[in-house]
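Read-outs: derived from the displayed coordinates by stated rules, not from any lab. This is a predicted model, so every value here is computed, not measured. Positions of Cβ are backbone-derived with ideal geometry, glycine not excepted, and every protein chain shown enters the neighbour counts.
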Amino acid sequence: MELKVQAGDVAAFQGDGIVVNLFENASTPGDAAGAVDKTLGGLLTKLIASGDVKGKFGNTTIVHTLDKLPAARVCVVGLGKENEFTLDRARHAAANGAKALRAAGAKNIALTTPETNADAENSAQAIAEGLVMGLWRFPKYRTNENDKNEIATVTLFGTDAAKIKLIERGVARGKILGDSTNFARDLANEPGNTLTPTRLAEIAAEMAKKNGLEFYVIDRAKAKELGMGSFLGVAQGSDEPPAFIVMRYWGADKNAAGLGIIGKGITFDSGGISLKPGENMQDMKGDMSGGAAAIAAMSGIAQLKPKINVTGIVAATENMPSGKAFKPGDILRALNGKTIEVINTDAEGRLVLADAVAYASGPLKLTRIVDAA
């Protein structure tokens, strides 16, 4: 999906649909929505008066323009009460409007920024995030997909030409953040038979190469040499090789303090010897979501280019029962020398994160660490 920014009147948009915003209890549509209403001969005002359009948060109403506008449809999106408006509501409103028009078959649509006290750049960022994340879906493995329509382009109109550069900057940042979020979603929804630790490392390597990140993987042999007994204890029950993934972004002097983002990368969690109940175990393909978030965050960081150093670490392995698996009562020794008694093998997340945190704070000397399990 392509996001564009344009100055001018959204009512003149040559496309399939327009999204306009309406606050709850408004008697007439304002600003950009008002311009659309005027071209439609006051139709939106009449629908507000009749109660067909209320402006409540989350509400969407599609109105056919009957050739009074170049666009075939207008989607009126409720923002809720004006004194309760937030950028998060702008984000949701953009998503709701775009999804409603997509369901109606639109491919090329336009929006405007809500006329509020929020600055243009942050409003545009929120809208771009809402569009990118709201239109996301994961049809990769569906053999019967009835609704295949996708939005191809979205044009965000700015009524104030002086703010176009700010809107463009906000849209660019919002798209990066939205795409990064969707990257993590795609990874988290992959099944365990396709997204093994090795494959996760390959995807991370592709991302790192594309974005110019330093990248390396610590394999089983190297992890053993380093003394990552906690991570390897979890990994020993699976036939799939583990992968300790490291991604480094340098936005400041290499001697400057850096931030660590650590993700749990259990690509399938059966619970190990302390086996989980069968009900809902299929969802344990998503036990690498923290790792997905770390990889996606590094992708976004590399594109946004902040003036800091950031290291992403993902401790990726399966947690499986087998004759080789670690057992309740086992004693594991982590990289930092701490011993850990295993009471329940389904506590694997803290075990892999223990070595990841020890590696970040030890050899890499990171002093500020965020972990995502």
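Summary of values
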| quantity | calculated |
| --- | --- |
| Sequence-separation-based contact order of the stretch 192-372, relative, with Cα cut under 8 Å and 6+ spacing, percent | 32 percent |
| Equivalent-ellipsoid semi-axes of the stretch 187-256, from the Cα gyration tensor, Å, largest first | 24, 18, 8 |
| The chain pair-distance distribution - Cα-Cα, 10 Å bins, rounded % | 5, 21, 24, 19, 16, 10, 4, 0 |
| Gained length - Leu364 relative to Ala221, 0.36 nm times residue gap less alpha-carbon distance | 49.5 nm |
| J(HN,Hα) series, the stretch 141-149, from Karplus relation 6.51 cos²θ - 1.76 cosθ + 1.60, nearest Hz, glycine and proline x | 9, 7, 8, 10, 10, 6, 9, 9, 5 |
| Sparse-neighbourhood loop sites, trypsin sites (Lys or Arg not before Pro) in the stretch 251-347 - DSSP loop, at most 11 other Cβ within 10 angstrom | Lys254, Lys307, Lys324 |
| Summed residue charge, Cβ within 10 Å of Val171's Cβ, Lys/Arg positive, Asp/Glu negative | +1 |
| Three-way shape label, the stretch 103-219, alpha-carbon gyration tensor, a/c 1.5 | oblate |
| Tensor-based shape of the stretch 1-119 (alpha-carbon gyration tensor, a/c under 1.5 rounded, otherwise prolate or oblate) | rounded |
| Under Karplus coefficients 6.51, -1.76 and 1.60, residue-wise ³J(HN,Hα) of the stretch 8-19 in Hz, glycine/proline x | x, 8, 5, 5, 8, 4, 9, x, 8, x, 10, 9 |
| Net charge over other residues, Cβ less than 13 angstrom from the Cβ of Thr155 (K, R count +1; D, E count -1) | -2 |
| Label-to-label distance, nm, for residues given as Asp119 and Trp250 (7 Å Cα→Cβ offset) | 3.2 nm |
| Using distinct alpha-carbon pairs, which all enter the 1/r mean, Kirkwood radius of the stretch 168-322 in Å | 16.1 Å |
| Gyration tensor (alpha-carbon) shape descriptor, the stretch 68-120, a/c threshold 1.5 | prolate |
| Over 18 Å between alpha carbons, listed pairs Lys224/Lys338; Lys4/Lys54; Lys38/Lys163 | Lys4/Lys54; Lys38/Lys163 |
| Inter-centroid distance (Cα atoms) of the stretch 299-314 relative to the stretch 123-198, Å | 19 Å |
| In nm, spacing of pseudo-spin labels at Lys81 and Ala373 (7 Å Cα→C-beta vector) | 3.9 nm |
| In order through the stretch 354-366: 3J(HN,Hα) via Karplus (6.51 cos²θ - 1.76 cosθ + 1.60), integer Hz, x for Gly, Pro | 4, 6, 5, 5, 5, 5, 5, 7, x, x, 8, 6, 7 |
